Protein chains: 2
Amino acid sequence: MAARMRILGVDPGSHATGWGVVQVTPALRLVASGVIRPGHELNLPDRLVLIHAELTAVIAAHAPQVMAVEDLFNARNARSSLILGHARGAILLAGAQAGLAVSEYPPGTVKQALTGNGQAGKEQVRFMVMRLLQLVDAPPLDESDALAVALAHQGRQRFAAALRAGGGR
Amino acid sequence: MAARMRILGVDPGSHATGWGVVQVTPALRLVASGVIRPGHELNLPDRLVLIHAELTAVIAAHAPQVMAVEDLFNARNARSSLILGHARGAILLAGAQAGLAVSEYPPGTVKQALTGNGQAGKEQVRFMVMRLLQLVDAPPLDESDALAVALAHQGRQRFAAALRAGGGR
């Protein structure tokens, strides 16, 4: 694993996209997090430009090696899926253009990895995010959801490394 | 209307994205068209990078002022809508980043504008595209669909200009 391994987690939404960068080594800690909120007055193409530009700036500022994005399998209908897909397209594009390895995780997998329960609520997920990153103040739910995706990726990598090392954790 | 008005039409797909540039003034003619086909061996983020890069290159090469994109309202299900949304996100982003005005048209509106029948088949649409642009050789359907979106936009602009001019066409 790299000396300074950082993961960018992203929770995409058409009106609010949470992001969070966690550093994995030498110790697990929060680097930065935020929410991208393109104004409702913008049309869709301009919202995408803003999401792409802000995420590109986040990557440049905090230099993660990996992007982990929530995979929104269960959108309510085809129309909302289509709109959400546009935002995810701009997000995945920003990551791939910056040379990051991009992984996608369904919400249930993220919840399971953080709390041991694939049906956990957002508050419970936030509680575990705060616990793992030793946060004192509760972040907004859009940010804790993004940090949860980054931590789910970290958990999986840690488990895979333990398996490679021959078993025990 | 600008001395040299060009419209870029785009028909998005997750595996094949047709594009076509038509020049509107001084006379209606085909400038260029093609199909972007990211290989199936690429993962989704890399497909998006390719679509975005190729479309950005098309815009730089042919200098359209406007982008008209087919609006895929009737995707079969939420999952296919989501995937298609990613491709459309990369496409709209490329247009907006290049400063193009971006318009979206549902398939039925495009068919209606080209053939007078909102239920027309792709071959009938292609026939009218060839007729309007005076093409001798039939383009692939992905390209004729993209050119049809550009021509639908042109038809609407032409109609609006006629209205502004005080009536008759």
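The values are calculated or read from the model by the stated rules, or taken from the named source; none is laboratory data. Since this is a predicted model, take the numbers as computed values, not measurements. Backbone-built Cβ (ideal geometry, glycine too); neighbour counts: all protein chains shown.
Where the second residue is part of a loop (DSSP other than H, G, I, E, B) and of a type in the set (Lys, Arg) and the first is without any contact (Cβ under 8 Å) to a residue 24 or more places away in the chain and lies in the stretch B:11-25, which pairs have Cβ atoms under 7 Å and are six or more apart or on separate chains?
Filtered contacts from the stretch B:11-25: B:GLN23/B:ARG4.
I'm checking my understanding of the structure. Among residues of the stretch A:93-108 that are without any contact (Cβ under 8 Å) to a residue 24 or more places away in the chain and part of a helix (DSSP H, G or I), which one is surrounded by the most Cβ atoms within 10 Å (Cβ to Cβ)?
Filtering first and then ranking leaves A:ALA96.
In the stretch A:114-138, how many residues are touching a Lys or Arg at 6+ places or on another chain (Cβ under 7 Å) and crowded, with 17+ Cβ neighbours inside 10 Å?
The total comes to 3.
So which of B:LEU50, B:LEU93 is at pLDDT 95 or above and either of a type in the set (Ser, Thr, Tyr) or in contact with a Leu (Cβ under 6 Å, 6 or more places away or on another chain) (or both)?
Just a single option satisfies the conditions, and that option is B:LEU93.
Okay, residues lined up against (1) part of a helix (DSSP H, G or I); (2) within 20 Å of A:PRO64 (Cα to Cα):
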position	(1), (2)
A:VAL110	yes, yes
A:ALA113	yes, no
A:MET128	yes, no
A:LEU132	yes, yes
A:VAL136	no, no
A:SER144	yes, yes
A:GLN154	yes, yes
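List pairs: first in the stretch B:48-62 and in contact (Cβ under 8 Å) with a residue 24 or more places away in the chain, second basic (Lys, Arg), Cβ under 9 Å, 6+ apart or cross-chain?
Between residues of the stretch B:48-62 that are in contact (Cβ under 8 Å) with a residue 24 or more places away in the chain and residues that are basic (Lys, Arg), the close pairs are B:HIS62/B:ARG6.
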